[in-house]
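Beneath this line is the structure, given in structure tokens, with notes to follow.
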There are 2 protein chains.
Amino acid sequence: MDMRAPVKVYMTKKLIGVKPTTSVQEASKIMMEFDVGSLVVVDDDGNVVGFFTKSDVIRRVIVPGLPYDTPVSEIMTKDLITVNSSTPLGEVLKVMAQYRIKHILVEEEGKIVGIFTLSDLLEASRRKLETAISTE
Amino acid sequence: MDMRAPVKVYMTKKLIGVKPTTSVQEASKIMMEFDVGSLVVVDDDGNVVGFFTKSDVIRRVIVPGLPYDTPVSEIMTKDLITVNSSTPLGEVLKVMAQYRIKHILVEEEGKIVGIFTLSDLLEASRRKLETAISTE
């Protein structure tokens with residue numbers, strides 16, 4: 001992987017959205033079904049109003065013992081951490097390490113267009129490795 | 001990071017263990033306290049008898065609606081996926097991608113000695129990046 005390449009090269013566009021009223025249990029099913037570690041929360045106008053990860057579910061639902069039908073609006077993060085799609089990968093990794101986060105939203109002109117996760121980093125590392133082996 | 005270096009160079013030794021009888025809620029608190037995404041389950045003789053991740057908690061507790069006081073022995077994975085500590089990093093990443101896992105246990109002479117996670121990959125990528133910049 002090229003640390004200077006823009007994050008949009010490596011991000012995934014598979015962003016799965018749920019409504020603010022979706023229950024934590026229903027959202028958990030969706031995470032498992034689509035094999036993702038985070039979901040965006042989208043209002044009726046299509047705006048991203050929140051974001052949450054599997055960690056948030058554990059920290060904000062299981063630890064305090066909230067019921068499974070708690071709406072995701074009560075556990076989502078509203079202050080979204082985002083990077084612009086043209087930000088170099090190396091810079092993005094720095095931000096993720098600094099905040100100790102495994103998922104970061106990617107925006108373009110103020111609109112969320114994708115997400116970059118540590119699974120994408122794994123994929124990028126592996127692709128680079130395969131290229132390195134095949135050119136030996 | 002050097003894809004041919006043994007995984008023991010990059011693994012973390014911070015392995016947190018809980019008992020099979022520990023409740024899912026208590027285990028979740030421990031995960032948050034130590035900022036880890038997985039725990040090993042250790043019996044009274046000190047043997048690792050299981051392993052589980054935040055994903056397992058969501059998939060096997062929240063989705064089916066089990067109570068928070070379910071013991072971790074009911075949701076842990078018993079068939080542990082491990083790599084030897086001398087396995088090259090590139091090979092380890094291949095195994096993780098193949099099984100779609102974010103944490104892999106590292107063994108030495110049949111004993112679990114550490115864990116390698118995608119957070120360790122982030123750290124290794126960043127260290128490499130910093131080295132590259134400082135030698136420019």
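Each copy carries a label point for B:Glu123 at 7 Å from Cα toward Cβ; from one copy, the others' points are 2.5 nm away, ordered from shortest.
Shown for B:Ile16: label points 7 Å from Cα along the beta-carbon vector, and their distances to the equivalent points in the other copies, 2.6 nm in ascending order. Listed cross-link partners A:Lys14/B:Lys19; B:Lys14/B:Lys54; A:Lys94/B:Lys94; A:Lys8/A:Lys128; A:Lys29/A:Lys94; B:Lys29/B:Lys128 are compared with a 27 Å cut-off, the Cα-Cα value being larger for A:Lys14/B:Lys19; A:Lys29/A:Lys94; B:Lys29/B:Lys128.
For the protein assembly as shown, rounded, prolate or oblate, judged on the Cα gyration tensor with a ≥ b ≥ c (square roots of eigenvalues), a/c < 1.5 rounded, else prolate if a/b > b/c?
The shape class here is oblate.
A viscosity of 1.567 mPa s and a temperature of 4 °C, combined with the Kirkwood radius over Cα pairs in Stokes-Einstein, give a translational diffusion coefficient for the stretch B:71-136 of 95 µm²/s.
Mean sequence separation of contacting Cα pairs (under 8 Å, at least six apart), scaled by the length of chain A, corresponds to a relative contact order of 31 percent.
Between the helical axis of B:89-99 and the longest alpha-carbon principal axis of chain B there is an angle of about 40 degrees.
Can you give the percent of C-alpha pairs in the stretch B:44-110 whose distance is more than 15 Å?
Details: 1331 of 2211 pairs.
The proportion of pairs with Cα distances above 15 Å equals 60 percent.
In nanometres and ascending order, the distances from the A:Pro88 label point to those of the other copies are 2.8 (point 7 Å from Cα along Cα→Cβ). So how tilted is helix A:24-34 from the main axis of chain A? Cα-based, degrees 0 to 90, rounded to 10. On a 0 to 90 degree scale, this one is about 30.
Both the radius of gyration and Dmax for the stretch A:20-62 are 10.3, 30 Å, in that order, over alpha-carbon atoms.
The charge dipole of the stretch A:50-108, taken about its Cα centre with unit charges on the Cβ of Lys, Arg, Asp and Glu (plus for the first two, minus for the last two), comes to roughly 300 debye.
Report, in whole Å, the centroid distance computed from the Cα atoms of the stretch B:1-43 and the stretch A:49-125. One Cα centre to the other: 21 Å. Computed over chain B with a Gaussian network model linking Cα atoms closer than 10 Å, the most mobile of B:Pro67, B:Pro20, B:Pro88 is B:Pro67. Expressed as an acute angle from 0 to 90° and rounded to the nearest 10, what is the orientation of the C-alpha long axis of helix A:118-134 relative to the principal long axis of chain A? Helix A:118-134 and the main axis of chain A meet at about 20 degrees. Taking each DSSP H run with n ≥ 4 as -39500 (n - 2.57) and averaging over every residue of the protein assembly as shown yields -9500 deg cm²/dmol at 222 nm. Note on chain B: with charges restricted to the Cβ of Lys and Arg (+1) and Asp and Glu (-1), its dipole about the Cα centre is near 400 debye. Of the residues B:Ser125, B:Thr21, B:Val92, the one whose Cα sits farthest towards the positive end of the charge dipole of chain B is B:Ser125 (charges of +1 on Lys and Arg Cβ, -1 on Asp and Glu Cβ, taken about the Cα centre). Here is the tail figure for the stretch B:7-134: Cα pairs spaced more than 23 Å apart come to 34 percent of all pairs.
Values in this text are rule-based calculations from the coordinates and carry no lab data. In this text, all values refer to a predicted model and were calculated from it rather than measured experimentally. So basically every Cβ, Gly included, is an ideal-geometry build from the backbone, and we count neighbours across all protein chains shown.
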